[in-house]
Structures are given as C-alpha cells and as structure tokens.
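What follows is calculated from the coordinates using simple rules that are stated; it is not laboratory data. All values reported here derive from a predicted model rather than from experimental measurement. In this analysis, Cβ positions are derived from the backbone assuming ideal geometry, glycine residues included, and neighbour counts consider all displayed protein chains.
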Amino acid sequence: MTHPVAGEVQTIASTVIRWNVRPPKRFASSVRELVSDSYQGLLDTDEALRIAMAAHEMVENLVKYSSDGKSSFEVEICDSDGRRYVRLRSRNSAAPEDLQGATRLIERIQSAADPVAIYDQLIAESPGRAGSGLGLARIRAEAEMDIACSAEGSQFTVVAERRVSLHGTP
Amino acid sequence: MIPILSAVEREGFSIVPVRGPDGITIKLSGSCDSQTTSLLDGFLSGLHAEVVRGGSKTVILDCENLYFMNSASVKSFVIWLTKIKALPPLERYQVNVRTNRFLAWQQRSFNALGRSAPEVLTVLP
C-alpha cells in the first residue's frame, strides 16, 4: 500500500474503535457524528464534514462486508514533514471475492487522473450494480481524500487521507 | 395544498410530499443512510408512478433540512433519474433541487447527480 503520507509521521490525535461482533447499521451514523463533533473544533467545518462523510462510507462498508464481524476503524491526525494530515483506516476480514472486487475498485478510483470524472463514471454504471464503489469514489471526489488498500490473507485495510489545516497551527 | 403519496419518517429521516401551484414538492429532512435507503427507494418509485400518472412536469426536491445522504441514497436518486430519462420526451418531467447554501456537501452531491442527468435535474442555488 502506498500512503500519500510518507516519511517521519507523528500522531497528534487518534480515535480507535474496535468491534468484536458485527456492528449494527446505525454505527456508521454514530461514527460520522463522532468524527464531525470531534474535529469541527480543530478543522474548518466543511473540511470536518467531508472527513465525517468519508468515515460514514468506510464504516458502512465495514458493516456490510466484514465476513466475521470483527473490524476496527481509526481516525488519526498526524504530522509529516511539518504538514498535517487526517488519516482514516478501516480493517476487517473479507470474503476473497469481496476483497478482490474492492481492491480493483480502489485501484481504479485512485489511479484515475480526475477524481470527479471517475465518480461520474461510477454513478453512470451504478444502476443495477451491487457494490458499485460509489462510496469510495465519493470519498476521493467529494471528500478530496486519497485512498489506498492492502490485504494480508483475509484481512483487508483501507486508508483514506487528506492534508488539513488545524485551527491555530501553521 | 393537498398531500399526495404518504409522508414517511424513520430514525431521524423524513420525506414529506406536498402538491403546490408549481408542481410537487418533496421535503427531505434529517439524515438518509443505510437504515433509511429502502424508504427512499420505495418513495421515489411511488413518486415516479404518481407523477407519470398525473402528468406533472416538475418535481421540486427541498433539501433545506437534509443534513446527510450516503452513497446508497445517491444511487437511489440515480436510479430514479434514469427512469425519468427513459420516459418519452413528452412524458418526461423536470427535477429541481433546492439546496441549503450552508451545507456545501449538497452542492457537491447534487451537482454530481445533475451531471448524470443534465436534461432532467437542475440544482438551484
């Protein structure tokens, strides 16, 4: 997995949520509200809402695709070379076909030169297609976050990151 | 104003349809996520049938109080817009979206929907 954030990374703040049983659907909304409420004081409001939307989409995927219910979600603000980033990370076990499908989608979305164009393309393809990747494309186009993924056995990790400006910091 | 279809409400999300002089207005409120997507799907399906039957030419989506919409809901709207685009030109109707200028995500999400159906959907400022 190639992270947009590379080199020396210092964590400024982080929130980790772990589930050992499949979380109910409403958890995506709970996590979105947690992220939104926690980060609106630190970030510009619209920036916090973009990140909260991305968190919602990632947790909905966790709930939908986790094959054994065990999963985790992490929000982190980090410093890399004097620049601040928000990083969202989801981990879950996944069925091989879901893992391969998600990997292909994420590579397709992240490698597209124009995030909006690939979002529009997936919107056009979405009717009648399960697992359309709209949520992931939306993270890149609307939340303006880079996305990456990796798999180790059945464990699937998705990371979304964007550069941010914290209130009161350079 | 005469209520049409049935208003639906669940888990902090509601859809209230109202017939007015400018056509049918659909007031969306709250947060539309995976708990409520099936409600939205069912409502849009019924709305489409009602509008085609009644011959209305405009549907207004009032999103002033819509605070969140997940990607599954975006897909619900795409499916609805696809049905409208498939109608013969004389039966086709327009969808005008009234957004809340303080909720910037609405412009991003509904503009994406507008790009998928420029002949049908207009995002009002």
To the nearest whole number, what is the average tally of beta carbon atoms from other chains within 10 Å of the beta carbons of peptide B:67-77? 6
Starting from one equal scatterer on each C-alpha and no solvent at all, send me the Debye-based log10 I(q)/I(0) for segment B:24-94 at q = 0.11, 0.12, 0.19, 0.20 Å⁻¹, two decimals. -0.27, -0.32, -0.78, -0.85
Which far-off residues, 5 or more places away or on another chain, put their amide H under 5 Å from the one on B:I24, with H placed in the peptide plane? B:T58, B:I60
Can you pull a Stokes-Einstein diffusion coefficient for chain B at 20 °C (1.002 mPa s), Rh from Kirkwood over Cα pairs, as a whole number of µm²/s? 149 µm²/s
What does segment A:37-100 give for Rg and for Dmax, in Å, if only its C-alpha atoms count? 14.1, 40
Could you state the principal axis extents of the C-alpha atoms in segment A:108-166, from the largest down, to the nearest angstrom? 36, 35, 18
Choice from A:E33, A:E107, A:E97 showing the highest fluctuation, given a GNM over chain A with Cα pairs closer than 10 Å: A:E97
If Rh is defined by the Kirkwood formula over all Cα pairs and Rg also comes from Cα, what ratio Rg/Rh do you get for the protein assembly as shown? 0.99
Please report, in Å, the Rg and the Dmax of segment B:1-44, where both are computed over Cα atoms only. 10.8, 33
Counting just the Cα atoms, what span does chain A cover along each of its three principal axes? Round to the nearest Å and put the largest first. 46, 37, 30
Just list whichever of A:K64/B:K27; A:K64/B:K75; B:K27/B:K75; B:K27/B:K85 have alpha carbons separated by over 24 Å in the model shown. A:K64/B:K27
Once amide hydrogens are built 1.01 Å from N within the peptide plane, the residues lying 5 or more places from B:V123 or on another chain with amide H under 5 Å from its amide H are B:V97
Expressed in nanometres to one decimal, the distance between label points 7 Å along Cα→Cβ at B:N96 and A:D120 is 2.5 nm
